[in-house]
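Notes follow once the structure below has been shown.
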Amino acid sequence: MTTNWQDPEAISLMLDELETWAVVGLSTDTSRTAYSIATLLQERGKRIVPIHPDAPVVLGEQGYPTLSDVPFPVDVVDVFRRSEYAGPFADEAVRIGAKGVWFQLGVIDEEAFARTTAAGVPMVMDTCPAIEWRRRGR
């Protein structure tokens, strides 16, 4: 399957226009990449929403056990889970009306990409907001 997982328009939409980012797998463990990227998102003016079974408060934001539990609209679902577990989060993102799905560096699920984009939701895979901001010189 040949797809454009890192479509510049989808990346620009999410980084420049979408504000509320649900971060799947974000916990209070400061050694995890999800924590450092959530910190960067906040520094860039994004609202983060931790999605974790324990629903911890992280970086001052209340967590929720699932995307469906979030009581307000989510713009981007940013997934920090292994590829074999990531697809259902893309499906749930579509169900809750997210405007974008971002699978982090190393997270690839071609079938989830096909389902998500077929539903009209832009999706980025196998890259990171930090990398993309750096590429853009920001």
Taking A55 as the residue in question, decide whether it is small (G, A, S), at pLDDT below 95 and surrounded by 14 or more Cβ atoms within 10 Å (Cβ to Cβ). yes
Where the second residue is part of a loop (DSSP other than H, G, I, E, B) and among the acidic types (D, E) and the first is touching a residue at least 24 places away in the same chain (Cβ under 8 Å) and closer than 16 Å to P71 by Cβ and lies in region 33-60, which pairs have Cβ atoms under 9 Å and are six or more apart or on separate chains? R47/E19; R47/D75
Among the residues of region 3-10, is there at least one that is among the aliphatic types (A, V, I, L, M) and either out of contact with any strand residue (DSSP E or B) (no Cβ under 6 Å at 6 or more places or on another chain) or surrounded by fewer than 21 Cβ atoms within 10 Å (Cβ to Cβ) (or both)? yes
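The values are calculated or read from the model by the stated rules, or taken from the named source; none is laboratory data. What you are looking at is a predicted structure, and each value in this text was computed from that prediction instead of being measured. No Cβ is skipped: glycine too gets one built from the backbone with ideal geometry, and neighbour counts run over all protein chains shown.
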